[in-house]
Amino acid sequence: MVVTGASGFIGSHLARALVDLGYDVRAMTRHPERYDGGGAPVRGDVFDPDSVAGALDGADAAYYLVHSLDSDDFEAKDAAAARTFAAAAADADLERVVYLGGLGDDGTELSAHLRSRRTVERILREGPVPVTALRAAVVVGAGGISWEITRQLVERLPALLTPRWVKTRTQPIALPDVIRYLIGVLEPAEARGRVFEIGGPEVLRYIDMLQRAASVRGETLPNVTVPLLTPRLSSAWLAFVTDVDLTTARNLVDSLSTEVVVHDRGIEAVVPGPTIGYEEAVRLALQDRAA
């Protein structure tokens, strides 16, 4: 079992969970000498075909959790990385691949960020290896970029002057539920080759997420929406108030005007069980950060 992006936000939690369940895990990372998470570290760089081939050699399955937002050409980079991985997965004769992508209706005009996620999914699924794709919106967990932006805005600002995108609806999901779904679709034959939408129990606007996160902290967060706050200005605002860099902020803001909600709950037939509510997800994320 190979987990790509094992040192990242999702990958680090997934690798540990798989090891706890008894799986033999290879943690693929560009810097194995620095890796201290779950599984055995193995060098792999999705822009280096030989290294990916070596990491996948002899494996039966892999999780693909690689994406980038910190460059202006991230769409081209993500597509090239997916092609490299798909070719290596085919050469290694993997039995299955699990990919975590993004929500968003195919019939709408997706942002570059969501369009890239969908392109990667398509590239992986064009190969001979069965791919199970999970599509998620905001993952609420310590270390996730979207959640960290929410947390930092709530912690650092006494009030909000927000752009129109804060009224866009989304369906956040708790990190433990994402890990549960990623593991839950690995073995069942009925999950192979399918696409599943995953989300928590509530559809919220971004402003609701901010204000309810503040409420969990025992605070209130007044808000005034400024319709003329353009994407470029709101990106600069996020980069100024939070730790996210300007390029990443700009790429994320482009996605925040797109509604991302679950329309198909088919995942529940394969991986049954209730999902964690937003306030509880916030509490867990804050506890993890404090720990």
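The table below lists the values:
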quantity	calculated
Given (1) crowded, with 19+ Cβ neighbours inside 10 Å; (2) under 28 Å from Ala137 (Cβ atoms), index of the condition Ala79 fails	(1)
Subset of the stretch 183-223 [basic (Lys, Arg) and farther than 30 Å from Arg122 by Cα]	Arg212, Arg217
Count of the stretch 112-132 residues which are in a loop (DSSP other than H, G, I, E, B) and either touching a strand residue (DSSP E or B) at 6+ places or on another chain (Cβ under 6 Å) or hydrophobic (A, V, I, L, M, F, W, C) (or both)	2
Selection from the stretch 204-217 of residues that are free of Cβ contacts under 8 Å to residues at least 60 places away in the same chain and surrounded by fewer than 17 Cβ atoms within 10 Å (Cβ to Cβ)	Arg205
Unmet requirement for Val178, which otherwise passes all of (1) crowded, with 19+ Cβ neighbours inside 10 Å; (2) over 29 Å from Ala87 (Cα atoms); (3) of a type in the set (A, V, I, L, M)	(2)
Verdict on Asp105 being crowded, with 23+ Cβ neighbours inside 10 Å, of a type in the set (Asp, Glu), touching a Ser or Thr at 6+ places or on another chain (Cβ under 9 Å) and on the phi < 0 side of the Ramachandran plot	no
Test: residue in the stretch 157-172 that is without any contact (Cβ under 8 Å) to a residue 24 or more places away in the chain, surrounded by fewer than 18 Cβ atoms within 10 Å (Cβ to Cβ) and either closer than 18 Å to Ile145 by Cα or under 22 Å from the mean Cα position of the chain (by Cα) (or both)	no
Condition check for Tyr35: in contact (Cβ under 8 Å) with a residue 24 or more places away in the chain, surrounded by 14 or more Cβ atoms within 10 Å (Cβ to Cβ), among the aromatic types (Phe, Trp, Tyr) and more than 19 Å from Gly101 (Cβ to Cβ)	yes
Residue ID - farthest from the chain's Cα centre (by Cα), chosen from residues in the stretch 36-75 that are among the hydroxyl-bearing types (Ser, Thr, Tyr), modelled with pLDDT of 95 or more and within 20 Å of Ile10 (Cβ to Cβ)	Tyr63
Candidate set: the stretch 181-202, residues that are surrounded by fewer than 17 Cβ atoms within 10 Å (Cβ to Cβ) and aliphatic (A, V, I, L, M); chosen: the one nearest to Glu268 (Cα to Cα)	Val195
Selected residue (only one of Asp72, Asp20, Asp60 is acidic (Asp, Glu) and under 22 Å from Ala133 (Cα atoms))	Asp60
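Yes or no, residue by residue, for (1) acidic (Asp, Glu); (2) touching a Ser or Thr at 6+ places or on another chain (Cβ under 7 Å):
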position: Ala136; (1), (2): no, no
position: Leu161; (1), (2): no, no
position: Thr170; (1), (2): no, no
position: Asp177; (1), (2): yes, yes
position: Gly184; (1), (2): no, no
position: Pro188; (1), (2): no, no
position: Pro201; (1), (2): no, yes
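The values are calculated or read from the model by the stated rules, or taken from the named source; none is laboratory data. Everything numeric here is computed off the predicted structure, so don't read it as measured data. Backbone-built Cβ (ideal geometry, glycine too); neighbour counts: all protein chains shown.
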